[in-house]
1. Being within 14 Å of another protein chain (Cβ to nearest Cβ) and part of a helix (DSSP H, G or I): is that true of A:G285 here?
2. Return only the number of the condition from (1) within 13 Å of chain A (Cβ to nearest Cβ); (2) more than 22 Å from the chain's Cα centre (by Cα) that B:K144 does not satisfy.
3. Can you find even one residue in the stretch A:76-97 that is surrounded by fewer than 17 Cβ atoms within 10 Å (Cβ to Cβ), within 10 Å of another protein chain (Cβ to nearest Cβ) and of a type outside the set (S, T, Y)?
4. What pairs come out if I take residues in the stretch C:139-165 that are farther than 21 Å from C:M114 by Cα and pair them with residues that are at pLDDT 85 or above and charged (D, E, K, R) whose C-beta lies under 8 Å away, six or more apart or interchain?
5. Of the residues that make up the stretch C:90-100, is at least one part of a helix (DSSP H, G or I), open to solvent by 10 Å² or more (accessible area, probe 1.4 Å) and either of a type in the set (F, W, Y) or closer than 18 Å to C:I44 by Cβ (or both)?
6. Return the residues of the stretch C:141-159 that are away from every other protein chain (no Cβ under 12 Å) and open to solvent by less than 70 Å² (accessible area, probe 1.4 Å); say none if nothing qualifies.
7. Could you please let me know if C:S59 is out of contact with any Phe, Trp or Tyr (no Cβ under 7 Å at 6 or more places or on another chain), at negative phi and part of a loop (DSSP other than H, G, I, E, B)?
8. Looking at B:F92 and the list (1) crowded, with 18+ Cβ neighbours inside 10 Å; (2) at pLDDT 95 or above, which single condition is not satisfied?
Amino acid sequence: MLDLEQRWELIDKIAKRTIKFGKYRHTLKDAIAEITVKPLTGIPIAIAVLYGFWAFFVAFAGFFTDGFLVKLFDMHWLPWLQEVFPAGKESWLYYIFVGDPLADNCFEAFGMLTSGLFVVIGVVLPAIVAFYLVLIVLEDSGYLPRLAVLIDTVLHKIGLHGYAIVPSILSLGCNVPACTACRILETKKQRFIMRTILAIFIPCGAQLGIMLKVIPETVGWVILYLLAGYFILGFILSRIVPGESPELLLDIPSYQRPTFSNVGRKLWVRTSSFFTTAIPFVLLGVIIINVLHLTGVIDWLATGLGPLLSGWFGVPKETVGALIVAFLRKDLAVAQLSAIEMTKYQMVTSVVLVSIYFPCIATFVMLLKEGGVKGFLGSLAALVATVFLYGGLLHLIWILLGVA
Amino acid sequence: MKNKFASVYFSIFGLIVLSLGIAELIIGIAGRSFTWGILEISGEFSLWKGIILFFVGFFYLSSVKNLNEIHQLAKNVMASIMLWIIAGMQIFAMITESIPGGEEEGWINTWEGFLSAYSPPYIPALILLPFSLVTVYYVYAREK
Amino acid sequence: MRILLMGHPNVGKSAVFNRLTGARVTESNYPGTTVDYTKGRVRIEGDSFEIIDVPGAFSLEPKDKAEEVAVKMLEENKEAVAICVIDASKMERGLYLALQVIEKGYPVVIALNMWDVAQDKNIEIDVEELEDILTVPVVPVTAISGEGIRELALRIKEASLVKIEKIIEKAGN
């Protein structure tokens with residue numbers, strides 16, 4: 001075997017004999033590639049790109065959800081189902097599958113076939129497709145690694161490096177593949193930090209879609225608060241978790257034109273894998289929560305946890321049901337919150353709580369699988385501390401602002 | 001000659017973009033709205049659109065000196081692309097809003113409703129859009 | 001016979017894999033998309049081979065999980081042929097890994113991928129000379145469009161063991 005130096009020497013010799021560098025013309029593409037990574041020009045460009053991302057997401061999801069699917073579900077599906085459902089309106093079967101007989105929209109009915117299907121197909125499907133479509137175009141064009149370079153310095157402060165942007169952005173689609181993507185980070189420490197902060201703070205596409213529908217005016221602030229938490233927790237973890245955070249030399253691919261076939265294929269793969277996991281969980285979630293309601297467990301829990309919820313977090317005790325659902329599906333939990341009466345500020349707090357409180361069960365399994373028992377318990381400890389402190393902090397902010 | 005024309009053109013255009021950006025930014029922060037002729041500054045994200053427009057104007061202005069040089073041109077092209085992102089998304093939003101019917105109406109919008117989605121007033125980026133296409137012409141002419 | 005696809009992250013291994021197998025592995029334009037390995041089958045002139053898309057590695061001294069997997073794959077498949085995918089516009093870096101694989105005693109075929117990018121950048125590579133020095137097949141390919149993939153597949157069986165000393169000797173002249 002050669003050693004490192006001998007090998008490079010050999011490569012040098014080979015290269016000298018086989019490679020000729022022609023006169024390198026600086027093309028417009030190269031010059032554009034350059035200015036997208038220089039901070040002075042790159043950051044404004046990144047703002048424009050992210051704005052485009054968000055604007056597309058909102059318009060696309062709004063077109064399908066508000067334009068057609070809400071109408072379909074509220075004006076046709078719900079009345080029809082309330083009419084033809086075989087079991088009586090007082091029966092528990094009706095309660096579980098159709099929900100509230102007086103409801104006039106699918107958000108409030110909360111039956112498996114009403115709210116359950118509406119959340120998955122009416123709200124989350126368009127959001128997920130919109131999100132992945134833009135993400136895949138950004139991925140294939142080669143812009144994503146440039147974003148990584150831009151954000152490299154910031155992420156170094158939390159013990160990560162630029163490429164942590166890849167799992168972070170993936171996570172905005174779904175936390176599950178994002179946990180796997182953490183493997184591109186070098187050390188155990190980095191992977192632990194990344195998994196923990198993304199599982200806690202990054203809302204998934206399903207949740208974003210439903211937040212957009214339920215709290216359109218405040219969703220920006222919620223995201224901002226979560227993003228701040230992402231950096232704060234990352235910063236703390238990078239100080240207390242033992243291990244290394246090595247530098248990484250980023251390698252930037254050149255810009256490419258995304259191909260239709262690859263974009264289409266990836267969109268299909270991601271959307272369908274999302275759905276096979278999402279649909280059973282959402283439907284199951286509705287059943288479980290309705291059964292818990294019927295058996296009185298929710299009331300019992302609400303009374304028991306009420307002082308903690310209203311005292312520490314400042315949210316109504318009814319949110320306990322949503323918090324239970326949140327363990328199964330975040331989107332469903334936010335949908336359930338929308339039916340509870342509370343102030344705008346309490347709403348923001350509960351949405352934040354639902355986000356940072358236990359990740360959904362699928363992510364949970366990934367944390368265990370990727371992190372091992374030790375890593376999993378570590379993430380869990382960070383999570384519990386975060387829920388109490390960071391969730392409580394929001395209540396404190398409202399008190400200081402005089403709106404709690 | 002052509003260069004000089006382009007430089008003068010983008011200096012003026014850049015200044016207009018820059019000032020509209022600042023206006024949109026201020027109105028966005030204040031949370032107000034403003035209409036003047038076919039120009040309208042209002043709605044969500046005015047703040048962000050304003051920030052982006054501000055940089056678009058800034059990029060145009062900083063590109064005019066020696067525009068023919070590839071790095072300068074890249075700044076100019078990128079400024080136009082940023083403008084197209086805002087305007088393009090606005091057009092996309094108009095299209096998606098124009099097609100479905102209103103709350104209590106049918107599935108598809110009425111013809112009047114459809115057309116009214118495209119009628120003025122427009123946001124600044126949309127009005128600026130046609131003038132930014134000069135970049136395309138310039139790049140194309142330069143290649144030749 | 002097994003075929004291992006080796007190479008740096010983001011040199012288009014997954015694209016080569018898809019082209020060879022007709023499989024549908026997702027390709028992305030950023031490094032580290034493949035963190036696990038993917039298996040597929042390729043038919044070359046009537047014979048069917050198993051081919052493995054190994055995660056991207058810079059060298060065989062593992063520094064992250066993907067590289068660990070790559071080294072493990074090599075060790076588990078002592079009889080395999082390796083296709084080393086190299087970014088033609090950054091050939092020296094890719095040769096480092098290719099040489100390491102050769103030294104470990106695997107028959108190698110080199111795929112000079114992203115040939116179009118190299119040409120755009122006006123980089124000229126003397127493929128015949130390179131083939132002569134390394135004494136392994138070297139095939140320029142553009143996996144995204146599929147150019148050169150057929151030749152690559154056909155030349156896999158020309159891969160043979162090479163002693164590194166021989167390469168040093170040839171390169172010296």
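1. no
2. (1)
3. Kept after step one, since they are surrounded by fewer than 17 Cβ atoms within 10 Å (Cβ to Cβ), are these residues of the stretch A:76-97: A:76, A:79-80, A:83-84, A:86-93.
Then drop every residue that is not within 10 Å of another protein chain (Cβ to nearest Cβ), which leaves none.
No; the residues of the stretch A:76-97 include none that is surrounded by fewer than 17 Cβ atoms within 10 Å (Cβ to Cβ), within 10 Å of another protein chain (Cβ to nearest Cβ) and of a type outside the set (S, T, Y).
4. The qualifying pairs are C:I164/C:E103.
5. Yes, there is a match, as at least one residue in the stretch C:90-100 is part of a helix (DSSP H, G or I), open to solvent by 10 Å² or more (accessible area, probe 1.4 Å) and either of a type in the set (F, W, Y) or closer than 18 Å to C:I44 by Cβ (or both).
6. Of everything in the stretch C:141-159, those that are away from every other protein chain (no Cβ under 12 Å) and open to solvent by less than 70 Å² (accessible area, probe 1.4 Å) turn out to be C:V141, C:G148, C:I149, C:L152, C:A153, C:L154, C:R155, C:I156, C:A159.
7. no
8. Of the numbered conditions (1) crowded, with 18+ Cβ neighbours inside 10 Å; (2) at pLDDT 95 or above, the odd one out for B:F92 is (1).
The values are calculated or read from the model by the stated rules, or taken from the named source; none is laboratory data. Quantities reported herein were computed from a predicted structural model and do not represent experimental measurements. A quick note on method: Cβ atoms are made from the backbone with ideal geometry, for glycine too, and the neighbour counts reach across all protein chains shown. Surface accessibility is based on the protein's heavy atoms, side chains included, excluding ligands, DNA and RNA. Shrake-Rupley method; radii C 1.70, N 1.55, O 1.52, S 1.80 Å.
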